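Some notes on the structure that comes next.
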Amino acid sequence: MKRDGENSGSLLPGFEPHEDYARKLDAADPLARFRDRFHIPKRADGRDAVYLAGNSLGLQPKTVRPLIEQELQDWADLAVDAHFQAKTPWYTYHEVLRESAARLVGADPGEVVMMNSLTANLHLMMVSFYRPTPERHKIVIENAAFPSDTYAVKSQLRHHGFDPEDALIVVKPRDGEHTLRTEAIEQLLAERGSEIALVMMAGVNFLTGQVFDMKRVTDAARRVGCAVGWDLAHAVGNVPLSLHDWNVDFAVWCSYKYLNSGPGAVAGCFVHETHGRNLDLNRFAGWWGNDPKERFKMHLLPDFVPRAGADGWQLSNPPILAMAPIRASLNIFDEVGMAALRAKSVRLTAYLRYLIEQTPSDHVEIITPRDADGCGCQLSILAHDRPKERFAAIEQQGIVCDFREPNVIRAAAVPLYNTYRDAWTFAQALAHCASA
Ligand SMILES: Cc1ncc(COP(=O)(O)O)c(C=O)c1O
């Protein structure tokens, strides 16, 4: 197994490579009981699949169905009156999610709102926080950013009359490395900060699984006067976040990965309170961002007066049936707590890496940083040759993980529902497929 030069931290000590040992770790796992809160997909023979794709689509909490059924019942029984008389009144439904979501991203409740989808929120945020001038108009993004982010920032550049060829700065790894060095981002910002209007990066890169040092990058960007926004699709519910204290301007995330809120689930958005208080900030407006007490004055109040906080960026009334799953999921996060989840995640991922490295192979290489701070639930494995064949061989073992072109196999051991034995099974399958 080759290692990426940058990542030389040490693993947690004391692991053993045998299946019995994996079972012992599961028996001693204080979070093991949470697995039963989720529907685990089955293999053809009826056994649980080894599901390592929670970085793509999280599993369904068993409490989702009753919460959706409650809303269906309230709709059937109360119809329009459910806006104020439902068990959880629809008029303020999004507010029920606020405190739990804020806890996950390290924000004050007023800094967070659940709305729209990630890319839509990213555009809304850039309307407010990408305010280019002829001298300072560039946007920084990381190499191998998720395509939707690249499309969004390029289209914003074009919208403001700039050519992305010139105005988009992509931070790349050094030759021979797969992940980014924080120093390289800091150096770029120190040298070219006055040209840069916005730093918009993923907190965790979708391809490599690298967790960026969001605090250091934010500090470096703020020092030179750039706005900073984070795409937290792969970070929220995965790694600890302190958006408020880090002084991040905005962040956006989706809820269908580690937040287990279902396909296309309603996304989240963070706006730092310093901006939330600024009602003059440029934004695209809709009636749900208006003061709720004035909302039903309708045509009598044609002028938009934004509500303070992240709520002031809402456009439309919330999709209640789509929000119920988020409630189910956030309740579980509140119960278990991010600190306990992260503690298990660090151990589980270290164990997965340890097991993979028991069988060295020149055909595959883990490219996710080795140090715990640079790594969340996901390990990305580069297949140097016959990548699709190797991935197919893993899938044939009843393992659900995924493949990203041209040659990256991604596997995420999610602490809420994955077991140490899942890690063991994956490592066995990888060793088998990487042996020739
Ligand atoms: C890092 C990242 N950014 C953006 C998106 C796009 O999200 P949405 O379809 O909710 O706009 C995804 C989707 O997987 C993603 O992984």
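Just a few scattered comments:
- When the stretch 303-342 is filtered for residues that are within 24 Å of C377 (Cβ to Cβ) and of a type in the set (D, E), the ones remaining, listed by number, are D334, E335.
- Pairs with Cβ under 8 Å, 6+ apart, first in the stretch 375-398 and farther than 17 Å from L355 by Cβ, second among the acidic types (D, E) and in a loop (DSSP other than H, G, I, E, B): H384/D362
- Restricted to the stretch 43-70, and to residues there that are of a type in the set (K, R) and closer than 24 Å to L352 by Cα, the residue that is farthest from the chain's Cα centre (by Cα) is R47.
One line per residue, one yes/no per condition, for (1) modelled with pLDDT under 95; (2) over 30 Å from the mean Cα position of the chain (by Cα); (3) loosely packed, with under 13 Cβ neighbours inside 10 Å; (4) among the aliphatic types (A, V, I, L, M):
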site: N282; (1), (2), (3), (4): no, no, yes, no
site: K297; (1), (2), (3), (4): yes, yes, yes, no
site: L301; (1), (2), (3), (4): yes, yes, no, yes
site: G309; (1), (2), (3), (4): no, no, no, no
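- Within the stretch 161-190, residues that are without any contact (Cβ under 8 Å) to a residue 60 or more places away in the chain sit with their Cβ atoms under 9 Å from residues that are part of a strand (DSSP E or B) and among the basic types (K, R), at 6+ positions apart or across chains, in these pairs: F162/K138; D166/K138; A167/K138; L168/K138; I169/K138.
- Only residues that are in a loop (DSSP other than H, G, I, E, B), more than 12 Å from T425 (Cα to Cα) and either free of Cβ contacts under 8 Å to residues at least 60 places away in the same chain or not assigned by TED's automatic domain parsing to the domain that holds W424 (or both) were counted in the stretch 16-32, giving 2.
- F426 vs. criteria assigned to a strand (DSSP E or B) and in the same structural domain as Y351 (by TED's automatic domain parsing): no
Residues are listed down the side, and each one gets a yes or a no for (1) surrounded by fewer than 23 Cβ atoms within 10 Å (Cβ to Cβ); (2) in contact with an Asp or Glu (Cβ under 6 Å, 6 or more places away or on another chain); (3) among the charged types (D, E, K, R); (4) more than 21 Å from T368 (Cα to Cα):
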{"site": "A144", "(1), (2), (3), (4)": "yes, no, no, no"}
{"site": "Y151", "(1), (2), (3), (4)": "yes, no, no, yes"}
{"site": "F162", "(1), (2), (3), (4)": "yes, no, no, yes"}
{"site": "V171", "(1), (2), (3), (4)": "yes, yes, no, no"}
{"site": "I185", "(1), (2), (3), (4)": "yes, no, no, no"}
{"site": "V217", "(1), (2), (3), (4)": "no, no, no, no"}
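- Subset of the stretch 217-234 [more than 22 Å from G309 (Cα to Cα), in a helix (DSSP H, G or I) and under 19 Å from the mean Cα position of the chain (by Cα)]: V217
- Among the conditions (1) outside any helix (DSSP H, G or I); (2) modelled with pLDDT of 95 or more; (3) touching a Phe, Trp or Tyr at 6+ places or on another chain (Cβ under 7 Å); (4) not small (G, A, S), the only one that H83 does not satisfy is (1).
- Those residues of the stretch 235-273 which are under 13 Å from the mean Cα position of the chain (by Cα), more than 11 Å from the ligand (Cβ to nearest atom) and β-branched (V, I, T), in sequence order: V239
The values are calculated or read from the model by the stated rules, or taken from the named source; none is laboratory data. Since the structure is predicted, the reported quantities are computational estimates derived from the model, not experimental observations. Counting neighbours? That spans all protein chains shown, and the Cβs are built from the backbone with ideal geometry, glycine included.
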